[in-house]
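Take a look at the structure below.
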Amino acid sequence: MKIQLAPRNQRLSQARAQAGFTLVELITVILILGVLAAVALPRYADLQGKAREAKVKGVLGSVKAASALVKATAMANGTSCGAASGTTASLEGVSVDLNHCYAQALGALTTGILAASNVSSADSWVIDGTNLGGATAGSTVQINLSDATTPASCSISYKSATNSTTPPVISANTGGC
């Protein structure tokens, strides 16, 4: 049996054809990767803003849960819900000032809604390592995320209850996160 070999120059051209990619193939792959990057990059560009917004929503959840827990504790202890001030409830050793059985909107870090929701320590407003700022105006306390682009527009507002049948107004503003 006789083995037929391809001519030498045909074998060399086959070896060259399988040696690598052509310039057109490389440019095509680079273009496809460029288009994918251009489409995907805007989706992930504002991750810090989304993280700050999520943190505000987390604090909002904490404030809402604390408000409900304070009300339940006060009612379980038989506290009169008709009083706008002068009553307290104890949560894990923290005395929380009440307003119609809900936590009061106080700027004090160790009492009121700030202490009940655990968004403050004895000397600063901080949660998960992020500094918070805030202000109290009348019966409303505002908790700002201080590292936001516009802290006042990346905040939670807590307005004290006006009577025993109307709960506090708790809202979040995430427009400036």
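The values are calculated or read from the model by the stated rules, or taken from the named source; none is laboratory data. Fair warning: this is a prediction, and the values are worked out from it, not measured in the lab. In this analysis, Cβ positions are derived from the backbone assuming ideal geometry, glycine residues included, and neighbour counts consider all displayed protein chains. What goes into the accessible areas is simple: the full protein's heavy atoms, side chains included, and nothing from ligands, DNA or RNA. Shrake-Rupley method; radii C 1.70, N 1.55, O 1.52, S 1.80 Å.
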Inset, instruction - List every residue pair whose Cβ atoms lie under 6 Å apart, where the two residues are 6 or more positions apart in sequence or sit on different chains, the first residue falls within the stretch 58-77 and is within 17 Å of Ser155 (Cα to Cα), and the second residue, located anywhere, is acidic (Asp, Glu) and outside any helix (DSSP H, G or I). - result: none
Legend entry - Filter result for Val56 (of a type outside the set (D, E, K, R), farther than 20 Å from Thr166 by Cα and at pLDDT 85 or above): yes
Inset, instruction - Say whether the condition of being part of a strand (DSSP E or B), of a type outside the set (Ser, Thr, Tyr), at pLDDT below 80 and within 28 Å of Ser80 (Cβ to Cβ) is met by at least one residue in the stretch 131-147. - result: yes
Legend entry - Among residues of the stretch 40-86, those that are surrounded by fewer than 12 Cβ atoms within 10 Å (Cβ to Cβ) and among the polar types (S, T, N, Q), counted: 1
Legend entry - Long-range neighbours under 9 Å by Cβ, at least six apart or interchain, first residue open to solvent by 20 Å² or more (accessible area, probe 1.4 Å) within the stretch 149-177, second of a type in the set (D, E, K, R) and outside any helix (DSSP H, G or I): Val169/Lys159; Ile170/Lys159; Ser171/Lys159
Legend entry - Selected residue (only one of Ala84, Ala72 is at pLDDT 90 or above, among the small types (Gly, Ala, Ser), outside any strand (DSSP E or B) and more than 28 Å from Ala51 (Cα to Cα)): Ala72
Inset, instruction - Look at the stretch 79-103 and say how many of its residues are among the hydrophobic types (A, V, I, L, M, F, W, C) and more than 14 Å from Ile113 (Cβ to Cβ). - result: 3
